[in-house]
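The values are calculated or read from the model by the stated rules, or taken from the named source; none is laboratory data. As the structure is a computational prediction, the values presented were derived from the model and not from experiment. Virtual Cβ from ideal backbone geometry, glycine too; neighbours counted across all protein chains shown. Keep in mind that these areas ignore ligands, DNA and RNA; they rest on the heavy atoms of the full protein, side chains included. Shrake-Rupley method; radii C 1.70, N 1.55, O 1.52, S 1.80 Å.
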Amino acid sequence: MRPPAVVITGPGTNRDPDVALALELAGADPDIRLAGELAGDRGALTGAALVVVAGGFSYGDALGAGRLLALDLTVGLGDGLREAVERGVPVIGICNGFQVLTRAGLLPGSLGHNSGGSFVCDWVELEPVPDSRSVWTSGLVDTVHCPIAHGEGRYVHPDPDALQANGGVALRYASENPNGSVNDIAGVCDETGLVLGLMPHPENHVLTRQHPVLDADESRRHLGLALFEAGVRHAVGA
Amino acid sequence: MVEPVPPPLRLTITAVARDPRVRALRTAGEHIGIDVPDGLGVSDVIHVSGDLSDADRDRLTGLLVDPLLQVGSWETPIDHGVEVTPLPGVTDSEAAAVLVAAERLGVPVRAAVTGRRITFATDTPEDDARRFIERVVANPVVETWVFGAATPSLDPVADTRHRAERIPMTALDEAGLAALSTERGLALDPAELVVIRDHFAGMGREPTDAELETLAQTWSEHCAHKTFRAVIETGDGDREPLLRQLRDCTDSIDAPFVRSAFVGNAGVVEYTPGTTIALKAETHNHPSAIEPFGGANTGVGGVIRDVLGIAHRPIAVTDILCFGPADQPLSAIPEGSLHPLRIAEGVVDGVADYGNKIGLPTVAGAVLYDPAYTTNPLVFAGCIGTAENWAEHDGPHAGDRVVVLGGRTGRDGIRGATFSSATMDATTGEVAGASVQIGDPITEKLLIDALVGAEDLFSAITDCGAGGLSSAVGEMAEGVGADVDLALVPLKYAGLEPWEIWLSEAQERMVIAVPPGSVEAMRHRCDRFGVEFSDIGAFTGDGRLVVRCAEDVVVDLDTGFLHDGRPQRRLPAHLPNPDRTPVTRRVDDTSATLLDLLAHPNLRSRAEIIHRYDHEIRGTTVVRPLTGVERDAPADGVVLAEPRDAHGIAIGIGVNPWHGLVDPEWMGWSVVDEAVRNVVAVGADPSRISLLDNFSFGDPRRRSTMGDLVASVDGCTAAAAAFSAPFVSGKDSLNNEYTASDGSRHAVPPTLVITAVAHMPDVEAVVTPRLRTPGDALVLLGRTAPEFAGSHLDMVRPHDGPIGCAPSPDLEAPARYRALHAAMLDGEVAACHDLSEGGLAVAAAEMCIAGRLGAYVERPEGVDATTWWFAESMGRLLVEVPQSDLGSFLKRFDGDAEVVGTVTDEARLRLGDVEVDLDALVAAHTGGR
């Protein structure tokens, strides 16, 4: 049976179809839901085996990226998301979803404007950090290649070394740091290892032909799909 | 009885680390040679009113201030600075968000305004600060600013519903009519004014302001395409209107895949059964000259709505931008114009902001620099959409409801259609203030969410573009009639005159015709996605357009007169007679010339711009605008494919105004050839190509300009016929002229942008310019001639004496492209690149850069060196072919292909006996030299 995955969106979320495709290819059964509607349908979250907060510009980044959708996920959903994590459900926030999860207090640190000052779309290489607690990068060996597309992706944390020592750093930029993130941190997880946030878009490298440079055989080794497969593996207890 | 209003409060939010906006402002100032004040800082300011307790303020602080990144203060700052706030009435989406968030938190905020605070060192002279703010920071069209702390009004504007005004017109003579047209900015010509006067005289009444404005919009150049519909007087007999010629060309090609051409908002083609593709490209030139960010932003938003307005889901955005040279001193910029750097910065930001936020990849494009674009920048924005089982709506039907969806109506963009139909001068920025439109991509994203998939719930759809509701409802009502009430249109703020509501070009609005039985379902769907739904009246069936504002009838027009009453325009044209004698050039420093070409603003890498556009979203981008192993070489066309499809589409652009200056007819041919060549080069099927035409020219009332336009249509239709590539949609933007203070007029060069959208049968087999394997042969397809007029060689090595001719049409090109495609399908092509600006030398260099490999290219005996390396003759491609396939490859071309060299593993390009290091090529192209 395909594990059900809820993809949470807000007005202006735009990579939900992309991540739904990634989940499907990884073996899950994605269901795209508006955060505003989940508030009245708590059962949807209770039945989820995976939860994704998709990327985009929820609420047009008004008042700062992710702030208003975070409000939906806290004031609106109450403890729904925290309870899902307590049940052992893997949660991933990508790009705007990462911003949302930090604002909602599910992930440590925060994301500021890129040090370069503007929105950047480019391809990056991500190195899975071996001693990370994250279930989403568990078993990953090769680097993951995928695009970034963000203006506010500079990860800040009051004590990044402690975060790393704790296994809280899941992914690091192996190519040039595109946004000034501290310690080249690209993705972080919470203390349970279930919640991952990252700025890059592994959901946009799920087919070999999506890679801008590598031929199919090489591209396959670096698919972003690997993250979703790891998440699904954990969700089904494999 | 008015409640006492508590004094407004203000929260100032400042980044703890350096705010990237500081660097952006500093760079912008340095770019245009302005002294940047020391100690520059930027903060955000949120002004709120409401009875807020300390706990309320703390909760707002908790929401709005990120403690790891920012500090917030409720004190009025006393440091040295200015504050910028939006003018009353300008969209302030941040303020709207504050209200929403405060309500969620239970904080009683009644009103909000947001702004920016710019701080400097205390010893900054006030004049320096003022100059910096005026030139770099604030835009007076949409913003106001003060030294110290701003105290914007948070009071709602009292709602005073105005009535339509009668305009005495029927007794006016021609001089009086002309004065009326000028006074109201109607941009109607004398013959049209007479027809309107006589129409109302016949009805025995005076027109209302709203009726006059409706006619002016509907009959504007922008909406009615009067020039393209005019009979052309050539002095040698009359010729058919240009639009007719383009349509006839498409009809004569009779391509089986064309579903809809030159009808409605966009062209529609069908390359694979069941899936249609909608294509459209638009210009947004005048608005982008005045307010670059807003102009480009809403240009993108508008063309996306065009695709949505023909019931297709938008999937990608394109942009072609023409700017003045970046290296001009500020003193050289004519009064009333912005510096090209500021325009370019704003335009690119505007395109990026809309495309990135709405979630569409901005993929194909071009950026051109020429002095003539300094006062007349051009911004072309395109959109492509798809539909499965396209719902071809046949409404509206009598009884259907007139429903307005999306954004609210404000005073933004009033008279945009007439504004963009006029030429510009030093005062345009001041008088056209209201014409600037403000974009809100998220509202449009929600419109897409609500409309795509709901096609069964409405019978007709169109977007609210130029002319606003008057144009959208007016066009839908043609033949059927409509009766609407403007009092039901939701407004951003009170105080609009009825005609302003009717004409407003406020963005992100669509009009749909909803059968009564579907109204509740559509309303529910819109509620779900957060789209405002307003039922403002009905389609009546009586053929009249009746517009009310509550009890007042403000428009009562016969739709027949509105749409068909305009007198046929006749325009004299003086056709160009260019010299077509080939004249060669002599260049001795081949290596330095090549590097200068690669570094020329029109040829160098576009990486800086492209990386600001999200070109990856949707996961459909297979060939990107940047290609090669280091992703820094230009692609010919881009390729998109839905992740689950084996096939896709290729998009290519052709544009060359420099050829247009010399020979508009041959330019018309060459830009079609270039667009076609670009898609064929990546692997598209040459028998399934559709074209969009976008003309940006000067004032067509000048005979020579009209003649250039006629010649360019001759050229592009001849080429389209030769390639069997039909035009399916187009748009003309005329009057791209600036009148200087000395009365001299400056027009843009003849700028015809052709967009080719073609079928890609197999997206796993795309071809790019990236060289693959040392030892492979390099084959040149096509013929080379000394055709240098308008060439980039002449830009980097100015030439004295007769310029000779522009590149001539190559009638063999269609057969050549078909043969090349067959070779690609058989896997004989390892890499391919089109030859365009800079000729063979530049093409070979770009292939080396893409593959980070070397190449040796020889010059055949007896061929003139400068012509061989740098001529821009049409129809040519450089192809990498494995030696094992060379025999069968060459056989396909019947002598039209020539082995000119090989791929090497050396880190250099050898052009005959000239050598250039690969590093030098890369450095020149990417700006590293």
- Message: Taking beta carbons within 10 Å but only from partner chains, what does the mean come to for residues B:629-635?
- Response: 1
- Taking the DSSP beta bridges in the protein assembly as shown as the whole, what percent of them are antiparallel, to the nearest 5? 75 percent
- Message: What's the magnitude of the charge dipole for region B:726-855 around its Cα centre, counting Lys and Arg as +1 and Asp and Glu as -1 at the beta-carbon? Answer in Debye, nearest 20.
- Response: 140 debye
- Task: Quick one: which residues, 5+ away or cross-chain, put their amide H under 5 Å from the amide H of B:H615? H built at 1.01 Å from N.
- Result: B:T362
- Query: Does region B:21-76 come out rounded, prolate or oblate, given a ≥ b ≥ c as the square roots of the eigenvalues of its C-alpha gyration tensor, rounded meaning a/c under 1.5 and, failing that, prolate meaning a/b above b/c?
  - Reply: prolate
- Message: Net charge around A:S134, counting only other residues with Cβ within less than 15 Å of its Cβ (Lys, Arg = +1; Asp, Glu = -1)?
- Response: -2
- Item | Three-way shape call for region B:538-629 based on the alpha-carbon gyration tensor, with the a/c threshold at 1.5 | oblate
- Task: Could you tally the net charge around B:V713, taking each other residue with its Cβ under 12 Å from the Cβ of B:V713, Lys/Arg +1 and Asp/Glu -1?
- Result: -4
- Item | Cα pair distances exceeding 23 angstrom across region B:664-798, given as percent | 49 percent
- Just counting partner chain Cβ atoms within 10 Å, what average do the residues of peptide A:108-114 show around their Cβ? 4
- Message: Could you tell me the center-to-center distance, by alpha carbons, between region B:562-579 and region A:148-178 in angstrom?
- Response: 62 Å
- Message: With unit charges on the beta carbons (Lys and Arg positive, Asp and Glu negative) and the dipole taken about the Cα centre of region B:599-662, which residue among B:T620, B:A599, B:L661 sits farthest to the positive side?
- Response: B:L661
- Answer in debye to the nearest 20: the dipole magnitude of the protein assembly as shown about its Cα centre, from +1 Lys/Arg and -1 Asp/Glu charges placed on Cβ, is 880 debye
- Message: If packing is taken as the average number of other Cβ atoms within 10 Å across a peptide's residues, how do B:807-815, B:719-727, B:521-529 rank, most packed first?
- Response: B:719-727, B:807-815, B:521-529
- Note on the structure: Sorted by accessible surface (1.4 Å probe, heavy atoms of the protein chains only), largest first, B:V863, A:V169 come out as B:V863, A:V169
- Please label the shape of region B:205-358 as rounded, prolate or oblate, based on the square roots a ≥ b ≥ c of the eigenvalues of the alpha-carbon gyration tensor (a/c under 1.5 means rounded; beyond that, a/b larger than b/c means prolate, else oblate). oblate
- Message: Check which residues have an amide H placed less than 5 Å from A:I32's amide H, if you skip close sequence neighbours.
- Response: A:V7
- Message: Counting only other residues whose beta carbon sits under 15 Å from that of B:G33, what net charge do I get with K and R as +1, D and E as -1?
- Response: -2
- Item | region B:599-695: equivalent-ellipsoid semi-axes (sqrt of 5 x gyration tensor eigenvalues, Cα, Å) | 25, 19, 11
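Relative to the Cα centre, what is the charge dipole magnitude of region B:9-147, using +1 at the beta carbon of each Lys and Arg, -1 at the beta carbon of each Asp and Glu, and rounding to the nearest 20 debye?
I would put it at about 340 debye.
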- Note on the structure: Once phi for every residue in region B:440-454 is put through the Karplus expression 6.51 cos²θ - 1.76 cosθ + 1.60 (θ = phi - 60°), the whole-Hz ³J(HN,Hα) values, with Gly and Pro written as x, are 9, x, 5, 4, 6, 4, 5, 4, 4, 4, 6, 8, 6, x, 10
- Separation of the B:R57 and B:R745 label points, Cα + 7 Å toward Cβ, nm: 6.1 nm
- Query: Where both residues lie in region B:480-552, what percent of DSSP beta bridges are antiparallel, nearest 5?
  - Reply: 50 percent
- Task: Show that you can apply the helix-only estimate: for chain B, add -39,500 (n - 2.57) for every DSSP H stretch of four or more residues, divide by all residues, and state [θ] at 222 nm to the nearest 500.
- Result: -9500 deg cm²/dmol
- Distant-in-sequence amide H partners of A:L126 (H built 1.01 Å from N, under 5 Å): A:V144, A:H145, A:C146, A:A174
- Would you mind getting me the FRET efficiency between B:V863 and B:V553? Use the beta-carbon distance for r and R0 = 56 Å, nearest 0.05. 0.15
- Task: Could you give the spread of the C-alpha atoms of the protein assembly as shown along their three principal axes, from largest to smallest, in whole angstroms?
- Result: 89, 87, 67
- Each residue of region A:111-122 in turn: what ³J(HN,Hα) in whole Hz from Karplus with 6.51, -1.76, 1.60 and θ = phi - 60°, glycine and Pro shown as x? 10, x, 4, 3, 5, x, x, 9, 4, 10, 10, 7
- Note on the structure: Diffing region A:30-40: the Karplus 3J(HN,Hα) column from phi (6.51, -1.76, 1.60, θ = phi - 60°), in whole Hz with x for Gly and Pro, holds x, 9, 7, 10, 7, 4, x, 7, 4, 4, x
- Which peptide among B:474-482, A:203-211, B:184-192 comes first, and what is the full order, when sorted by highest mean count of other Cβ atoms within 10 Å? A:203-211, B:474-482, B:184-192
- Can you list, largest first and rounded to whole Å, the semi-axes you get for chain B by taking the square root of 5 times each eigenvalue of its Cα gyration tensor? 46, 34, 27
- Note on the structure: Set B:K226/B:K445; B:K280/B:K357; B:K226/B:K731; B:K280/B:K492; B:K445/B:K731, cut-off 22 Å on Cα-Cα distance; pairs above it are B:K226/B:K445; B:K280/B:K492; B:K445/B:K731
- Per residue of B:833-845, what is the mean number of Cβ atoms on other protein chains within 10 angstrom of that residue's Cβ? 0
- Cα-projected label distance for A:A174 with B:V100, points at 7 Å along beta-carbon direction, nm: 4.0 nm
- Query: Please state the equivalent ellipsoid semi-axes for region B:9-147: what are the square roots of 5 times the Cα gyration tensor eigenvalues, largest first, in whole Å?
  - Reply: 29, 16, 13
- Task: Which order do the peptides B:729-737, B:276-284, B:166-174, B:100-108 take when ranked by the mean count of other beta-carbon atoms within 10 Å per residue, highest first?
- Result: B:276-284, B:729-737, B:100-108, B:166-174
